[in-house]
Amino acid sequence: MALLKVKFDQKKRVKLAQGLWLMNWFSVLAGIIIFSLGLFLKIELRKRSDVMNNSESHFVPNSLIGMGVLSCVFNSLAGKICYDALDPAKYARWKPWLKPYLAICVLFNIILFLVALCCFLLRGSLENTLGQGLKNGMKYYRDTDTPGRCFMKKTIDMLQIEFKCCGNNGFRDWFEIQWISNRYLDFSSKEVKDRIKSNVDGRYLVDGVPFSCCNPSSPRPCIQYQITNNSAHYSYDHQTEELNLWVRGCRAALLSYYSSLMNSMGVVTLLIWLFEVTITIGLRYLQTSLDGVSNPEESESDSEGWLLEKSVPETWKAFLESVKKLGKGNQVEAEGADAGQAPEAG
Amino acid sequence: MAPVLPLVLPLQPRIRLAQGLWLLSWLLALAGGVILLCSGHLLVQLRHLGTFLAPSCQFPVLPQAALAAGAVALGTGLVGVGASRASLNAALYPPWRGVLGPLLVAGTAGGGGLLVVALGLALALPGSLDEALEEGLVTALAHYKDTEVPGHCQAKRLVDELQLRYHCCGRHGYKDWFGVQWVSSRYLDPGDRDVADRIQSNVEGLYLTDGVPFSCCNPHSPRPCLQNRLSDSYAHPLFDPRQPNQNLWAQGCHEVLLEHLQDLAGTLGSMLAVTFLLQALVLLGLRYLQTALEGLGGVIDAGGETQGYLFPSGLKDMLKTAWLQGGVACRPAPEEAPPAEAPPKEDLSEA
């Protein structure tokens, strides 16, 4: 009892082949879209690899790029097959290759689905890399004289301005590190000497933040220094002041940016996966209906198309049998070889 | 009554003309689309930068005119594609016969007119940008502190975002901020001696400082941004006010915005010039094709030679014909004699 049998006459077969040919070319376009999505994500990750410790995982964009290329190749091949399917002479060339090709298509669809799932699930690793990378970035903020780290100040400033964020989890992260280089500190000033002495590590810590944390929407000019000191500024209460600095931490901001990017890519990939599954099913019906045309001369006759020749449990049993036979076949050959050698030795 | 600029068109050149016209029409449609995109982009930019242009500035008219011209060019291109395609196929041509004449007139008058107007604007308007930007920026900087005055409360945010995005400070340099009170009086402590001194020493009672807003800061600078006491050599270690300031953005917003808008207008202008050329070629080609096929009586497949021309007779004769036809139309109920006179006269003038 075949699975999901459908009757096909000549007209229906022709329509199916033409429809599949068109769908395959759209699918090549979809493959190009997946390729460009992967490329875009890779470039975005590369752009900010400075704040991710250069250790971020490029698994998702690389697999999207690979899937895009594979999809283009498979679908243009399938388009060619559908084009030739209506000509019995040309189809006879493709006939022996179709069954393994369909098996590869099924495998490709399974991998595409897994890649789409990965787009949704891999944000956890990104969070860790971002946390580490930002912490280090802020530590090196003042090292504008050290070769290899001199760009870190510019990177962090531009990041905070672009993503409207401040610090790792919030602006108080800046209070815990020395972000002003010793080169620009006036060591003859009493205030500087006091601060350095009062700190165990001899660092110059202030309750101030860099200018890039300032929020342009604030009604008053930005308060960057002595943030927790209410008496240092007129009509100022740091507990209730919300508009002065960006409140979001850069880790949360970057994470939400990359998450939304990967989520939308995952949705697009899932839609394209559904399209590919439809194409594979259509191709299977085309193959079985064309095989059902028993006599090559009577290409006008009706035939039946199906998904599986027997029902699912029977097909699974037959598959296991063929695997066992393969194993037994090797065994028989080995015994034959031994038997052959034994008489020779004997 | 010789036709103006006649051209003999046997079958093969006619086919070549139609094919070349098809290609040119697609190019024209593409150029029209590009103009639509460019002028849309300029309109969006002007919406963001509108506060920094004086309200009397006429510059926004340019992208609007270019938008209209681009739409007409796109339409002309598509008409050209359809007509040249139809002229190669006998079954498709008849519906085009009646429509092509009026379409050509509309294309020349409307499309050509719009393009010329838009080109003229593209050449003339950027000159007025200088004054408009100056006036707009002076107003914006003056209202920076008015974050609680209705109508100007967005000025601070807009100026900050302008300086952050376009990497500029002040109008022509950072010292412009020294002449403007950019700290709102609401946040000035009246009991502070320094504040009181500054306000009293100023004729207009403004609180002026030698400091700049945070948005002037340059992230490329190796030291944390110095915003205050920029004229004081002893205020900050290793800082000399007489040296060029690397802490802040060096360019003034006036120069940056002027260059940006002039570049956009220049691109739009060159696109308009190219489209004008393409449109002229397409309209000419369509006219020749139309008159050549009219000479065949609308039968496409005939292999005979025909003549294509721009106008059936010289300008004076055309005006005379038009005048006579207008006279016939205006005359009351036709009597025997006058209509008999008019048609022979017309035949005479056309022969």
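The values are calculated or read from the model by the stated rules, or taken from the named source; none is laboratory data. Here the structure is a predicted model, which is why all the values come from computation and not from measurement. All Cβ positions, even for glycine, are placed from backbone atoms using ideal geometry, and neighbour counts span all protein chains on display.
At-a-glance table
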quantity: Odd one out for A:Val206, checked against (1) within 11 Å of chain B (Cβ to nearest Cβ); (2) in a helix (DSSP H, G or I); (3) within 16 Å of B:Pro224 (Cα to Cα); calculated: (2)
quantity: Checking A:Cys222 against (1) within 13 Å of another protein chain (Cβ to nearest Cβ); (2) out of contact with any strand residue (DSSP E or B) (no Cβ under 8 Å at 6 or more places or on another chain); (3) modelled with pLDDT of 90 or more, the condition it does not meet; calculated: (2)
quantity: Which numbered condition B:Ser221 misses (of (1) within 27 Å of A:Tyr236 (Cα to Cα); (2) within 11 Å of chain A (Cβ to nearest Cβ)); calculated: (1)
quantity: Total residues in the stretch B:69-100, condition surrounded by fewer than 19 Cβ atoms within 10 Å (Cβ to Cβ) and either under 29 Å from the mean Cα position of the chain (by Cα) or closer than 27 Å to B:Pro126 by Cβ (or both); calculated: 4
quantity: Answer from A:Ser231, A:Ser212 - the residue that is within 14 Å of another protein chain (Cβ to nearest Cβ), polar (S, T, N, Q) and surrounded by 16 or more Cβ atoms within 10 Å (Cβ to Cβ); calculated: A:Ser212
quantity: Single unsatisfied condition, B:Ser128 versus (1) surrounded by fewer than 19 Cβ atoms within 10 Å (Cβ to Cβ); (2) among the hydroxyl-bearing types (Ser, Thr, Tyr); (3) not in a helix (DSSP H, G or I); calculated: (3)
quantity: Whichever residue in the stretch B:181-218 is assigned to a loop (DSSP other than H, G, I, E, B) and without any contact (Cβ under 8 Å) to a residue 12 or more places away in the chain and, among such residues, is nearest to the other protein chains (Cβ to nearest Cβ); calculated: B:Asp189
quantity: Complete set of residues in the stretch A:1-18 that are of a type outside the set (A, V, I, L, M), assigned to a helix (DSSP H, G or I) and surrounded by 14 or more Cβ atoms within 10 Å (Cβ to Cβ); calculated: A:Gln10, A:Lys12, A:Arg13, A:Gln18
quantity: Residue among B:His167, B:His143 that is within 14 Å of chain A (Cβ to nearest Cβ), closer than 24 Å to B:Gly266 by Cα and out of contact with any Gly (no Cβ under 7 Å at 6 or more places or on another chain); calculated: B:His167
quantity: Positions within the stretch A:135-165 being surrounded by fewer than 20 Cβ atoms within 10 Å (Cβ to Cβ) and in a helix (DSSP H, G or I), in sequence order; calculated: A:Lys135, A:Asn136, A:Lys139, A:Lys154, A:Thr155, A:Met158, A:Glu162, A:Phe163
quantity: All positions within the stretch B:231-254 that are out of contact with any Pro (no Cβ under 6 Å at 6 or more places or on another chain) and within 14 Å of chain A (Cβ to nearest Cβ); calculated: B:Asp232, B:Tyr234, B:Ala235, B:His236, B:Pro237, B:Leu238, B:Phe239, B:Asp240, B:Gln246, B:Asn247, B:Leu248, B:Trp249
quantity: Odd one out for A:Met67, checked against (1) more than 14 Å from the chain's Cα centre (by Cα); (2) buried (at least 19 other Cβ atoms within 10 Å of the Cβ); calculated: (1)
